[in-house]
1. Restricting attention to the range 158-194, report how many residues are of a type outside the set (A, V, I, L, M), within 16 Å of the ligand (Cβ to nearest atom) and surrounded by 21 or more Cβ atoms within 10 Å (Cβ to Cβ).
2. Every residue in the range 239-257 that is small (Gly, Ala, Ser), buried (at least 24 other Cβ atoms within 10 Å of the Cβ) and more than 9 Å from the ligand (Cβ to nearest atom), please.
3. Just one of Gln276, Gln283, Gln304, Gln312 is of a type in the set (S, T, N, Q), modelled with pLDDT of 95 or more and under 20 Å from the mean Cα position of the chain (by Cα); which is it?
4. Could you please find all residues in the range 245-279 being assigned to a helix (DSSP H, G or I) and of a type outside the set (Ser, Thr, Tyr)?
5. Find the residue count for the range 110-151, including only residues that are within 15 Å of the ligand (Cβ to nearest atom) and not polar (S, T, N, Q).
6. Being over 19 Å from the mean Cα position of the chain (by Cα), modelled with pLDDT of 95 or more and of a type outside the set (Phe, Trp, Tyr) narrows it down to one of Asn39, Asn98, Asn55, Asn108, so name that one.
7. For Tyr102, which of the numbered conditions (1) under 17 Å from Lys299 (Cα atoms); (2) touching a residue at least 60 places away in the same chain (Cβ under 8 Å) fails to hold?
8. Could you please find all residues in the range 179-207 being out of contact with any helix residue (DSSP H, G or I) (no Cβ under 6 Å at 6 or more places or on another chain), in a loop (DSSP other than H, G, I, E, B) and of a type outside the set (A, V, I, L, M)?
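The values are calculated or read from the model by the stated rules, or taken from the named source; none is laboratory data. These figures come from a predicted structure and were not determined experimentally. We place every Cβ from the backbone using ideal geometry, glycine too, and count neighbours over all the protein chains shown.
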Amino acid sequence: MGSKLLSDTVWESDPELFDIIKSEKQRQRKGLEMIASENFTSTAVLNCLGSCLTNKYAEGYPGARYYGGTQCVDKIELMCQKRGLEVFNLLPEEWGVNVQPYSGSPANFAVYTALVEPHGRIMGLDLPDGGHLTHGFFTLNKKISATSIFFESMPYKVNPTTGLIDYEALLNTARLFKPKLIIAGVSCYSRYLDYKKFRDICNDVGAMLMADMAHVSGLVAAGVIPSPFEYCDIVTTTTHKTLRGPRAGVIFYRKGFKTNSKGEKLPYDYESRINQAVFPGLQGGPHENAIAAIATTFKQAKTQEFKEYAEQIVKNARRLSAGLQEKGYKVVTGGTDVHMLLLDLSSAGISGAKAEYILEEISIACNKNTIPGDKSALNPSGIRLGTPALTTRGLKENDIDQVTAFIDRALKLGKRIGEKSGPKLVDFKKAVHDSELSSEVKVLRDEVETFSEKFFIPGFEGY
Ligand SMILES: *Cc1c(COP(=O)(O)O)cnc(C)c1O
């Protein structure tokens, strides 16, 4: 006799929860997802995540586990590692990969734990300038990221006028601060990173170079933007952003030998240190269902279809940037080379927070963001807009023009509402719902949702 508790589907056993999942599905279908870090993963990835692999404990690494019965998950993890090297054109003699990190943040913390001693020094792009929390963010009053609690972090900045990374200032600061590790990686930056310049700076100060390509790894895999591997010691990434896989992280590290300034050949010692930091240092059992999903993501990322997808992401972002500029908006750095752009609303008559809110109200999801030179991180003057998720749903340049028109109308409407409601966000929110302009908000939302319904979402044939 089977147990109902065990065999019932979630819609049979827990309709209260299932209703919320259904609402989320509706939300994803109705709205236009422009959060630059989000995407819609494939059916194959969802199949792996929901598979029996979630049942298996496999602490350790393939061939050296602390549990029995790992013959299948060993094969999967080795397959995942092999495909990970292949998709980024890496030789197994020169690079290794750890596919166990639970997500991007733990992957980064594992690298610092492995290679930088407690209170050792690191440098990363400042969070308000487009860096990530895990690159060491702290404020005057508080150490925000654990990276800044357990390590000493010094930010580098973008030039407030151009919005581009100030490599010269980075070099000067690095010479004074003498970091052990410099991080080249961004969550909000629309131009290529100059990895060679980062390498030169690292060589100058004797630091290791880590690229955190979390946002752009899908574009790197497809070969549509420069790859960091040539210049880096370590490369980390998430697998759920442009790479379009499951929520997880991976760490690539150099193997083999490096030649020092005296011409001596020395072995890299990253492999054992990084593997030990991930397990048993920071994590327990690896999520083999996620690792299987990463493996199939890597397989997909090698296809011609994925390459075309990645090219389309960039085309769409460029079209969005050009369209918004035609309508008179300012785009930080004047455009984009990647999957996202940063819209500077400082002269558009609406704050970043209000823009985010009015766009959400018309079913376009994005996030408010600081722009270079912003005084307050709490009240930023920009929004970040990305195209990976829309491109997955099949939007092309012409469709992006329609999205641009929706955004423009929403921002103008928001400006008018703001002029009536005054500066406070709470009053603005009230006016969006309850003023003579509310009906215009609703009309716009209906148009966006009707437009959105036309586009496909993978994995949505099921639940
Ligand atoms: C998203 C991101 C991360 C963290 O990923 P999580 O999976 O959210 O922990 C790390 N670094 C960069 C640059 C990112 O954009």
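1. 5
2. Listed by number, the list holds a single entry, Gly245.
3. Selected residue: Gln312, the only one of Gln276, Gln283, Gln304, Gln312 that is of a type in the set (S, T, N, Q), modelled with pLDDT of 95 or more and under 20 Å from the mean Cα position of the chain (by Cα).
4. Glu271, Arg273, Ile274, Asn275, Gln276, Ala277, Val278, Phe279
5. Selection size over the range 110-151: 20.
6. Asn55
7. (1)
8. Pro179, Lys180, Ser187, Cys188, Tyr189, Tyr192, Asp194, Gly206
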